[in-house]
Amino acid sequence: MSDVEALACTLDEAARDVRAIPKLTDTAELDVATAYAVQRRVIERRLARHERPAGVKMGFTSKAKMVQMGVHDVIWGLLTDAMLVESHVEVDRLIHPRIEPEIAYLIGRPVRSPADVDAAVAGVAVGFEVLDSRYLDFSFTLPDVIADNASAAGYGVGAWHEPRDVSNVGMLMEIDGRVVQTGSSAAILGDPMRSLRAAARLSEQAGIVLEPGQVVLAGAATAAVPLPKGVHVRVTASGLGSVEVTT
Amino acid sequence: MRDTSIADAADRLLEAYATGVPCAPVRDLIGTDDAYRVQRRLTDHWLAEGRRPVGRKIGLTSAAVQRQLGVDSPDFGTLWADMAVPDGAEIPAGAVLQGRAEAEVALVLERDLPHERNTAADLLRATAFALPAIEVAGSRIRDWDITLADTVADNASAGMYVLGNRPVPLSQVDLRLCGMVLERRGEQLSTGAGAACLGHPLNAALWLADTLAQAGDPLRAGDTVLTGALGPMVPILPGDVLEARVEGLGDVRVAFAKEDS
């Protein structure tokens, strides 16, 4: 238990100090279950600083990423209200930030298990996620990245739309007006809705209830790109409008 | 000397077509500037055989492929009526050498585009409708070991193609934002969006219209234009059944025979 506490403290302080650290598995034994315990502890430290739970983010939702990491299932990270980006990200407060285009779901009713999902979706939106691994060179093993809250750093969402089929909507990410990534929401497990069901499964396993008003970031439609200082980023999804952020 | 080289390059490619055995690259015989003259020789050969030209394909439309080949422009090849198979039909084994599949937007024209410099308005007025398409590209060059000269000479690596059956007017679809997914038995092979094709599939078609008119062989009413890949190409295997879905255009599929008959 003290191990979990110490590892969580290391990660939390790395984020607060804006300082990359060697990955935990360089020096510690870490399995997936323990890694999730570290993740929970990192978030509890943030909640103790008066942040509030805001939802979850799903990771490794693309086939390419699963192959790259040698895994067969998704992972998740926990979001807090302090991670919500309105229109500006202070990249100086991040180690080596990246940004990726996302599909986001708004939870309208409590989700305790996958059976709750279909009736629970209150809205869908285009979004973005700002990633920032606390590890040197963005390099990690599966337990490392789980412990590090799936590299979560920030997120933003566009206007909420009525729930609809978003299994194959085109997505563009532009930086300063230039298209840097193109893709389809189909890259998210074939349909972002599958990712939402996986989130419900993980929440059941973790005993975490997804509450009304919380957000599920279903996953990225393309690979992430570095997020430099002084730029304007816009993510657009067919039929869902766009969401913008400056740095 | 130069004409001989062009004839030699064309003969090498025709030999690969005839034997079904991929050949060495032709870049040792020709410069990049001569590549369309080689392609023209192939075209003349096929016209003499009685094949019916039905349009053009545009290649090298993605930023990634252009970087890979070190070029900053697309290329084009000729589509022939016998390259097209109906939606869901099977392509015989060996019909396309070293086949690779990609999902595209196809345009079908209802007016000629004779001007050397076309505007979006010209193209929109000339286009009857769009269709989803799968292009099964092929290369007569061994192991796809191609430079720009090789692929241009080789009819822009054209193979066969399949068009969807539900025409969609351009007013009904956002070709920049449309999502694309290409699957094999439900397994995702490739995803993308319209903007992956030169920023917009119509940008690619405009380049083609201008380029062909400047070469004195403009796009004509009735032509089909395969505008270019919306996502990465994927290798195909015997027995595959591939399905592409393009948001707003619908779906289209193609099968590949199991083995040589």
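What follows is calculated from the coordinates using simple rules that are stated; it is not laboratory data. As the structure is a prediction and not an experimental result, all values here were calculated from the model. Neighbour counts are summed over all protein chains in view; Cβ atoms, including those assigned to glycine, are modelled from backbone coordinates with ideal geometry.
Quick notes on this one:
- Sequence-separation-based contact order of the range A:3-246, relative, with Cα cut under 8 Å and 6+ spacing, percent: 27 percent
- Residues in the range A:172-194 that a label on residue A:67 would reach, taking backbone N under 17 Å of a point 7 Å out along Cα→Cβ: A:184, A:186-190
- Around the Cα centre of the protein assembly as shown, unit charges on the Cβ atoms of Lys, Arg, Asp and Glu (plus for the first two, minus for the last two) sum to a dipole of about 560 debye.
- Cα-based shape type of chain B, given that a ≥ b ≥ c are square roots of the gyration tensor eigenvalues and the cut on a/c is 1.5: oblate
- Reachable lysines, given that their alpha-carbon falls under 29 Å from the alpha-carbon of residue A:57 and they are not under 8 places away in the same chain: A:23, A:65, A:229
- Compared with the direct C-alpha span, the chain from residue A:31 to residue A:52 gains 4.8 nm at full extension, assuming 0.36 nm per residue.
- Mean separation of Cα contacts under 8 Å (6+ apart) over length of chain B, as relative contact order %: 27 percent
- DSSP H segments from chain A that extend 15 Å or more along their own axis, Cα-based, with Kyte-Doolittle mean of 0.0 or above: A:32-48
- Local net charge near residue B:113, Cβ-Cβ under 14 Å (Lys/Arg +1, Asp/Glu -1): -2
- Near residue B:63: Cβ cut-off under 12 Å, other residues only, Lys/Arg at +1 and Asp/Glu at -1. The net charge is +1.
- Dividing the mean sequence gap of close Cα pairs (under 8 Å, 6+ apart) by how many residues the range A:84-168 holds gives a relative contact order of 33 percent.
- Based on DSSP H segments of at least four residues, each scored -39500 (n - 2.57), chain A has a per-residue ellipticity at 222 nm of -8000 deg cm²/dmol.
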